[in-house]
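Okay, so here's the structure we're looking at.
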Amino acid sequence: MTDASRGAGGAIMGTRGTGRVRTAVVWDVLRRTVDELSGSGGRCLEVIDAGGGTGGFAVPLAGLGHRVTVVDASPDALAALERRAAEAGVTVDSVQGDAGDLLDLVGAGKADLVLCHSVLEYTEDPAAAMAALAGTVRPGGAVSVLAAGQVAAAVHRALAGHFDEARRALGDPAGRWGERDPVPLRFTRRMLTDLVTGAGLRVAELHGVRIFADLVSGGVLDDPEAVQALIELETAAAVHPVLRDLATQLHVLARR
């Protein structure tokens, strides 16, 4: 990847405050992975973003010069994606459909990098969706999976004073704290890694995302120095063998 592309990668992190902190760990992994897959010649990658919505990841990756396709079930999200891409001056292809139908929608072995962020929690069959992701990536390629963590749900409900709901989240196999919980399924580290390996992929990296970011007050993040310090803390904690299980989201980088 060229120096210019590396500069564009830095711009990905240019968002402010909470948004920057919450995505910092994932972007760091993606930049390293894109650099590796592109090679010294800066090869253009084929990227599929399953459930990519309005293009929060897809548009910046297209800005790095890669061919990106977003697959999403929501026509409104895809319309917003089109506007976002136009404003950024990049092209992002879009296909309406579900992650579980990825093989039928884009074909087998089509992508160098497949993203599936905040999607598995809402699929009826996470194993089938993961199998579709695995089938879409080429040998040697990578799959980035981001999913809600179970332990964090209990911690956050307890900090809000909802102790019964926190206890229920700990005991529920799906990690739900009650009937009003908007998230149908949360994952433990073991659940997510088993899902990945069951699809024939190898877990290359495992990170906790938003370990502290969701626990600090928003006012703290008005200070750029505090934002940078929190990003550095999140980065260090992301691979901590205890702290990463407390993360709001778990991130797996898998390889085929």
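The values are calculated or read from the model by the stated rules, or taken from the named source; none is laboratory data. Values in this document were obtained by computation on a predicted structure and should not be read as measured data. Don't worry about glycine lacking a Cβ; one is built from the backbone with ideal geometry, like all the others, and counts go over all protein chains shown. Only protein heavy atoms, including side chains, enter the accessible area calculation; ligands, DNA and RNA are left aside. Shrake-Rupley method; radii C 1.70, N 1.55, O 1.52, S 1.80 Å.
Residues considered: Val220, Val227. Of these, the only one that is among the β-branched types (Val, Ile, Thr), open to solvent by 50 Å² or more (accessible area, probe 1.4 Å), over 27 Å from Ala73 (Cβ atoms) and not in a strand (DSSP E or B) is Val220. Of all residues in segment 236-256, exactly one satisfies the criterion of being part of a helix (DSSP H, G or I) and loosely packed, with under 14 Cβ neighbours inside 10 Å, namely Ala236. Consider segment 32-59 and keep the residues that are touching a helix residue (DSSP H, G or I) at 6+ places or on another chain (Cβ under 9 Å) and in a helix (DSSP H, G or I). The one that is surrounded by the most Cβ atoms within 10 Å (Cβ to Cβ) is Ala58.
The residues of segment 60-92 that are charged (D, E, K, R), surrounded by fewer than 24 Cβ atoms within 10 Å (Cβ to Cβ) and not in a helix (DSSP H, G or I) amount to a single one, Arg67.
For beta carbons closer than 8 Å, sequence separation of 6+ or different chains, a first residue in segment 152-169 that is under 15 Å from Arg180 (Cα atoms) and a second that is of a type in the set (D, E, K, R) and open to solvent by 100 Å² or more (accessible area, probe 1.4 Å), the qualifying pairs are Ala154/Arg167. Going through (1) of a type in the set (D, E, K, R); (2) surrounded by fewer than 16 Cβ atoms within 10 Å (Cβ to Cβ); (3) over 20 Å from the mean Cα position of the chain (by Cα) one by one, Glu165 falls short only on (2).
The residues of segment 93-115 that are among the aliphatic types (A, V, I, L, M), under 18 Å from the mean Cα position of the chain (by Cα) and not in a strand (DSSP E or B), listed by number, are Ala99, Leu102. Criterion first (touching a residue at least 40 places away in the same chain (Cβ under 8 Å), in contact with a Cys (Cβ under 8 Å, 6 or more places away or on another chain), under 22 Å from Leu81 (Cα atoms) and open to solvent by less than 10 Å² (accessible area, probe 1.4 Å)) does Val145 satisfy it? So Val145 passes the test.
Each residue in segment 147-187 was checked for being part of a helix (DSSP H, G or I), closer than 17 Å to Asp245 by Cβ and of a type in the set (Lys, Arg), and 1 of them qualify.
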